[in-house]
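To keep things clear, I will list the structure first and then write my remarks on it.
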There are 2 protein chains.
Amino acid sequence: MNPSADGLLTPSDSTDSGAQQIRDAIRDAIVERRLAPGTKLSESDVGGLFNVSRTLARAALQALSYEGLVSVEKNRGAFVAYPSPEEARQIFAARRLVEPGILKSAAEHITAAQLKHLRHLLVEEGRLMGERGQSARRAEIKASGDFHLMLASISGNLIMQRFMEELVARSSLVIALYGQSSASSCGHSEHGDIITALEQKDVDTACHLMLHHIAHIEADLDLRERKSFGLKEAFEH
Amino acid sequence: MNPSADGLLTPSDSTDSGAQQIRDAIRDAIVERRLAPGTKLSESDVGGLFNVSRTLARAALQALSYEGLVSVEKNRGAFVAYPSPEEARQIFAARRLVEPGILKSAAEHITAAQLKHLRHLLVEEGRLMGERGQSARRAEIKASGDFHLMLASISGNLIMQRFMEELVARSSLVIALYGQSSASSCGHSEHGDIITALEQKDVDTACHLMLHHIAHIEADLDLRERKSFGLKEAFEH
DNA sequence: ATGGATTAAAGTGTATACAATAATTTGCAT
DNA sequence: ATGCAAATTATTGTATACACTTTAATCCAT
């Protein structure tokens, strides 16, 4: 039985090539934090939820494990990834390493239309910050990531784009686990500043702002080992 | 029937968890260029070669497609990837973007033992350059990549390490397709120079040398669209 | 012979079936 | 009641089976 997965996923009524679809749906659920880290994803449950056989469910889970969003343990099954503090540090180290370069490349290629699109994403993000409720929060989380992904897309490098997709998704998991201030939105204005620097073709400033921005997100994390003690320890004293 | 796969792969006699093993074996075969770009990898053939069912063969091929080493076309099957010139450019752009950062991080963490290990890899690489024959060539290709992977490993970031593994493997495919001077070894001395710079804690120089090195490899490529025209066109005039 | 439609073969997409492993429950002795 | 062992259940690992798509081969008409 998996009560926590009830109604969490949205099996889209579609005509597509199977596993990919399921993978995307589960990924969205993880990134938007409808599925908590550590949640068991049994093949039968996943298959049942999407009305497919275990074969496809398994393929989807396997795919997600390559992205680092799901960890599969031999003979034990798949779980929503539960990144360790060290893993979290490495994820953000990777972003610090990579995002300035992406930004630089994006600055070289960016068109007026794309700049407008970025601004559009920004106001959308702002609007969601104003709204209240679960679904607005989820949309906000996604929007915040989309800003970074849009930059990767503008950079014109598909490989870096896919890599950033992985990093952004995993970041969402890390923030879900270790984030403190519920305001994941704190970085909103920083996004705006980066766009402004881009508009002015000031790449160095933009990169600087980006590093600052990532540092801000990281600063909101409490990366102490969560021992996840069970019942007994939890109620001692 | 797939004659070209005959005797190319080495089904290791092992006790492991199935698909992973097959994936690794095929990846090695691709990276060491025993499998040419475009080669069809049918699920039955792969399964037969490793004495497993299509299920596992398929899983392995799927996994390789996530790494960009194999491309699977719906209802048509899996093929050793045949990167386009544009894809090739993006792979090397990604390396230029990422490797200086990795090198910087490696320089911060490197120990004396690791430096020694790097030097050891270097002499091994040199030794292989001297030898003659297919298997030496393959080993040399692998050794050349291992230098870059070792740096990623030293950087201490598992995520960047895995990313570099993907980039190095795909680079091998690109060189197989578009490389001109058969001497993939031309970069050997440059590897040495980078190590020397590392020894002297001169990170800036090391990064510079690295960028130069990557540029050198790229310069040896002829990135023109290969139309791969068939028979008729090939014999017109 | 050549071109095109039809038919046969081969291969992939997905579901199901069976074997092996891990988790859970039951039963028993203390 | 508590702790351990055996048996039961559930879940994963892998193979096989069947449906569907693509590719190749065959056949006929021109």
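Observations on the model:
- The one condition in (1) touching a Phe, Trp or Tyr at 6+ places or on another chain (Cβ under 9 Å); (2) at pLDDT 55 or above; (3) within 15 Å of DNA strand C (Cβ to nearest atom) that A:PRO11 fails to fulfil: (2)
- Of residues in region A:55-68 being surrounded by fewer than 19 Cβ atoms within 10 Å (Cβ to Cβ) and among the polar types (S, T, N, Q), the one farthest from DNA strand C (Cβ to nearest atom): A:SER65
- Flag for B:LEU118 being crowded, with 20+ Cβ neighbours inside 10 Å and either more than 16 Å from DNA strand C (Cβ to nearest atom) or assigned by TED's automatic domain parsing to the domain that holds B:ARG27 (or both): yes
- Among the conditions (1) touching a residue at least 40 places away in the same chain (Cβ under 8 Å); (2) over 13 Å from B:ILE195 (Cα atoms), the only one that B:ALA143 does not satisfy is (1).
- Residues that are of a type in the set (Gly, Ala, Ser) and within 19 Å of B:GLN20 (Cβ to Cβ), drawn from region B:32-48: B:GLY47, B:GLY48
- For region B:142-158, a residue qualifies if it is within 12 Å of another protein chain (Cβ to nearest Cβ) and either surrounded by fewer than 22 Cβ atoms within 10 Å (Cβ to Cβ) or among the small types (Gly, Ala, Ser) (or both), and the qualifying residues are B:ALA152, B:SER155, B:GLY156, B:LEU158.
- The lone criterion from (1) within 15 Å of DNA strand C (Cβ to nearest atom); (2) within 21 Å of the chain's Cα centre (by Cα); (3) farther than 23 Å from A:GLN161 by Cβ left unmet by B:SER71 is number (3).
- Yes/no for A:LEU128 being modelled with pLDDT of 95 or more, under 18 Å from A:GLU190 (Cβ atoms) and away from chain B (no Cβ under 14 Å): no
- Sole exception among (1) hydroxyl-bearing (Ser, Thr, Tyr); (2) in the same structural domain as A:GLN20 (by TED's automatic domain parsing); (3) more than 21 Å from A:ASP28 (Cα to Cα) for A:THR111, by number: (2)
- Just one residue in the set A:ALA78, A:ALA19, A:ALA107 is among the aliphatic types (A, V, I, L, M), more than 16 Å from the chain's Cα centre (by Cα) and near DNA strand C (Cβ under 10 Å from one of its atoms); that residue is A:ALA19.
- Residues of region A:32-54 satisfying the condition of being more than 9 Å from DNA strand D (Cβ to nearest atom) and among the polar types (S, T, N, Q): A:THR39, A:ASN51
- Taking the listed residues A:PRO100, A:PRO85, the one that is touching a residue at least 12 places away in the same chain (Cβ under 8 Å), more than 16 Å from DNA strand D (Cβ to nearest atom) and crowded, with 17+ Cβ neighbours inside 10 Å is A:PRO100, with no other qualifying.
- Residue in region A:135-146 that is at pLDDT 95 or above and basic (Lys, Arg) present: no
The values are calculated or read from the model by the stated rules, or taken from the named source; none is laboratory data. Just so we're clear, the structure is a prediction, and the values are computed from it rather than from any experiment. In this analysis, Cβ positions are derived from the backbone assuming ideal geometry, glycine residues included, and neighbour counts consider all displayed protein chains.
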